[in-house]
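The values are calculated or read from the model by the stated rules, or taken from the named source; none is laboratory data. This is a predicted model, so every value here is computed, not measured. Counting neighbours? That spans all protein chains shown, and the Cβs are built from the backbone with ideal geometry, glycine included.
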Amino acid sequence: MTTPSSPEPSQYIVLDELQPSVELAACYDYTHDPWFRYRVPGAHFLLCKSGHIEAKTPNGHFHAKAGDLLAFRATDLNQYGTHGRTYFYEAHITFARPPKNRLTVWLDEVGPLPEHLPLGSSFDRMRQVFDTYCLNLSQRSAAAHARVISALWEMLDIMAEVAGTRPMQAHRVDEWQRARIVLGSDLTANREIQDLAKEMGLTPDHFIRRFKQRFGTSPKAYRTQAKLRHAAQMLRAGSCSIKTLAYELGFADAYSFTRAFKRYLGVLPSDVRAGEASSGVESPAVEGTQFKLNTHIIPADAGKDFYEKFHPTPRK
């Protein structure tokens, strides 16, 4: 299948449009061969640690082995099962609010979110992400919520990094996609809008207006959001202080950085840093001791009808 040259608004959602949340997480150790049929309201991820997972979706028939990640798109009927003893993680994630919740995430320089991705040496990093989901999703604290959200961005970062190293069918990046990629990279540098506008033969005002028409946000807001996503990853890794990050990313002070971080990501940067310092996920969770195996882990505020959305739509 040919990769689209740029995201179609009716099919894909780009990173700066995301309002993600983890709806369900789990870790399984199956010795039998179950087969599941269910609806996917957002996106569904399976991370295979050992064994073999088979899946049938509207987009194809997939087989995952140890070290592979499966990323299923929203659909009214999805099916998967295991063969032999299989140890794997699961996460259901909604990347946007209705009506965009069923759109597929688009990763710059990669294209649509890959449905089958062998992770290679990045598997341990991805496993830590799923451990974070399982350890924190059912907790009510702001720190636990911050850990889940920052891990979610880390997951997308790993997928983009791994998929970007794989041979893919060539696809042309148009000049507006290129401008967006430039704004989202080298985040400590001083990017001038007038320079990008000049490269495209436009005035700054015309560039800003066209960019907003294309992506639904201004160039300045897009770059700020890219900085804040990067900041969340740095805080999660414990790489530097909030004050240092604010300065390096061009914010006037730690207060303005904190205010922007809270507005965009929904949590305080101090929650992300404090949460990671106490989470224990830098070392992979000991299987079966820090969270229950073979059990759905759902948000603490999930309602009594939570599971209704996963019931498959009957075929007519």
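Filtering the range 284-301 down to residues that are in contact with an Asp or Glu (Cβ under 9 Å, 6 or more places away or on another chain) and either modelled with pLDDT under 85 or not in a loop (DSSP other than H, G, I, E, B) (or both), which residue is surrounded by the fewest Cβ atoms within 10 Å (Cβ to Cβ)? Full working, then the answer.
Residues of the range 284-301 in contact with an Asp or Glu (Cβ under 9 Å, 6 or more places away or on another chain): 284-285, 287-288, 290-291, 293-294, 296, 298-299.
So of that shortlist, the ones also either modelled with pLDDT under 85 or not in a loop (DSSP other than H, G, I, E, B) (or both) come out as 284-285, 287-288, 290-291, 293.
Details: Pro284: 13, Ala285: 18, Glu287: 13, Gly288: 11, Gln290: 14, Phe291: 20, Leu293: 14.
By that ranking, first place goes to Gly288.
The residues listed here are Ile93, Ile53; of these, the one that is β-branched (Val, Ile, Thr), under 17 Å from Arg37 (Cβ atoms) and crowded, with 18+ Cβ neighbours inside 10 Å is Ile53.
Here is a list: Thr104, Thr94. Which entry is touching a helix residue (DSSP H, G or I) at 6+ places or on another chain (Cβ under 6 Å) and among the polar types (S, T, N, Q)? Walk me through how you get there before you give the answer.
Numbers: Thr104 fails: touching a helix residue (DSSP H, G or I) at 6+ places or on another chain (Cβ under 6 Å).
One residue alone meets the criteria, Thr94.
For the range 115-124, the count of residues that are within 29 Å of Pro312 (Cα to Cα), among the aliphatic types (A, V, I, L, M) and either assigned by TED's automatic domain parsing to the domain that holds Arg180 or not in a helix (DSSP H, G or I) (or both) is at least one. Considering the conditions (1) at pLDDT below 85; (2) part of a helix (DSSP H, G or I); (3) not basic (Lys, Arg); (4) not assigned by TED's automatic domain parsing to the domain that holds Phe88, Asn190 is excluded by exactly one of them, (2).
Filtering Gly84, Gly164, Gly111 for residues that are on the phi > 0 side of the Ramachandran plot and within 16 Å of the chain's Cα centre (by Cα) leaves a single hit, Gly111.
Residue-level check: of (1) modelled with pLDDT of 90 or more; (2) surrounded by 19 or more Cβ atoms within 10 Å (Cβ to Cβ), His83 misses just (2). Could you say whether any residue in the range 220-238 is over 20 Å from the mean Cα position of the chain (by Cα) and closer than 16 Å to Phe251 by Cα? Yes, there is a match, as at least one residue in the range 220-238 is over 20 Å from the mean Cα position of the chain (by Cα) and closer than 16 Å to Phe251 by Cα.
All conditions in (1) more than 28 Å from Arg178 (Cβ to Cβ); (2) out of contact with any strand residue (DSSP E or B) (no Cβ under 7 Å at 6 or more places or on another chain); (3) modelled with pLDDT of 80 or more hold for Tyr222, with the sole exception of (1). When the range 218-228 is filtered for residues that are crowded, with 21+ Cβ neighbours inside 10 Å and free of Cβ contacts under 8 Å to residues at least 40 places away in the same chain, only Leu228 remains.
Restricting to the range 234-277, name every residue that is within 18 Å of Ser21 (Cβ to Cβ), surrounded by fewer than 16 Cβ atoms within 10 Å (Cβ to Cβ) and modelled with pLDDT of 80 or more. Give the derivation first.
So the first thing to find is which residues in the range 234-277 are within 18 Å of Ser21 (Cβ to Cβ), and the list is 236, 261-268, 271-272, 275.
Next, only the ones that are surrounded by fewer than 16 Cβ atoms within 10 Å (Cβ to Cβ) stay: 262-263, 266.
Within the range 234-277, Lys262, Arg263 meet the criteria.
Please determine whether any residue of the range 102-112 is part of a loop (DSSP other than H, G, I, E, B) and more than 18 Å from Phe215 (Cα to Cα). No: zero hits.
Of the conditions (1) in contact with a Pro (Cβ under 8 Å, 6 or more places away or on another chain); (2) farther than 24 Å from Gly67 by Cβ, Leu137 fails just one. Which one is it? In the conditions (1) in contact with a Pro (Cβ under 8 Å, 6 or more places away or on another chain); (2) farther than 24 Å from Gly67 by Cβ, Leu137 misses (2) alone.
The requirement of being within 30 Å of Glu175 (Cβ to Cβ) and small (Gly, Ala, Ser) is fulfilled nowhere in the range 72-94; no residue meets it.
Looking at Ala231, is it in a helix (DSSP H, G or I) and buried (at least 20 other Cβ atoms within 10 Å of the Cβ)? Before the answer, list the steps.
Numbers: in a helix (DSSP H, G or I): yes; buried (at least 20 other Cβ atoms within 10 Å of the Cβ): yes.
Yes.
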